[in-house]
Amino acid sequence: MSGTSSVSSNSRAGNPTTESVEAVINELEGAYRTGLMPSGLAAITIAVLSCVKAGDDMLITDSAYEPESPGSLTFEVQDIPALAATAHGN
């Protein structure tokens with residue numbers, strides 16, 4: 001394929017299907033430059049990386065990808081006061 005071809009590859013992003021859905025979401029939600037992600041983890045990563053910069057610290061529980069406090073698979077309960085104290089100490 002040449003660089004000027006309008007043929008799309010079979011990809012998760014940058015193809016006519018995802019671009020159409022992104023455009024519809026933009027219109028319905030009044031959004032600007034909606035981006036569909038291939039997974040929940042990719043969406044979380046993009047959201048976090050848009051807010052932090054090199055050298056920043058992050059405080060995160062070990063059950064962050066599952067529902068928090070209690071984590072549904074581990075039933076562990078987060079110590080919210082201890083997490084808040086740690087966060088405010090940094």
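The values are calculated or read from the model by the stated rules, or taken from the named source; none is laboratory data. Computed from a predicted model, the values in this text were never measured in an experiment. So basically every Cβ, Gly included, is an ideal-geometry build from the backbone, and we count neighbours across all protein chains shown.
List the number of the failed condition for E66; all other conditions in (1) of a type in the set (D, E); (2) under 15 Å from the mean Cα position of the chain (by Cα); (3) at pLDDT 85 or above hold.
Status for E66: all satisfied but (3).
One residue is enough: does region 47-56 have a residue meeting the conditions modelled with pLDDT under 75 and charged (D, E, K, R)?
No, there is no match, as no residue in region 47-56 is modelled with pLDDT under 75 and charged (D, E, K, R).
Anything in region 17-37 that is among the polar types (S, T, N, Q) and without any contact (Cβ under 8 Å) to a residue 12 or more places away in the chain? List them, or say none.
Of everything in region 17-37, those that are among the polar types (S, T, N, Q) and without any contact (Cβ under 8 Å) to a residue 12 or more places away in the chain turn out to be T17, S20, N26.
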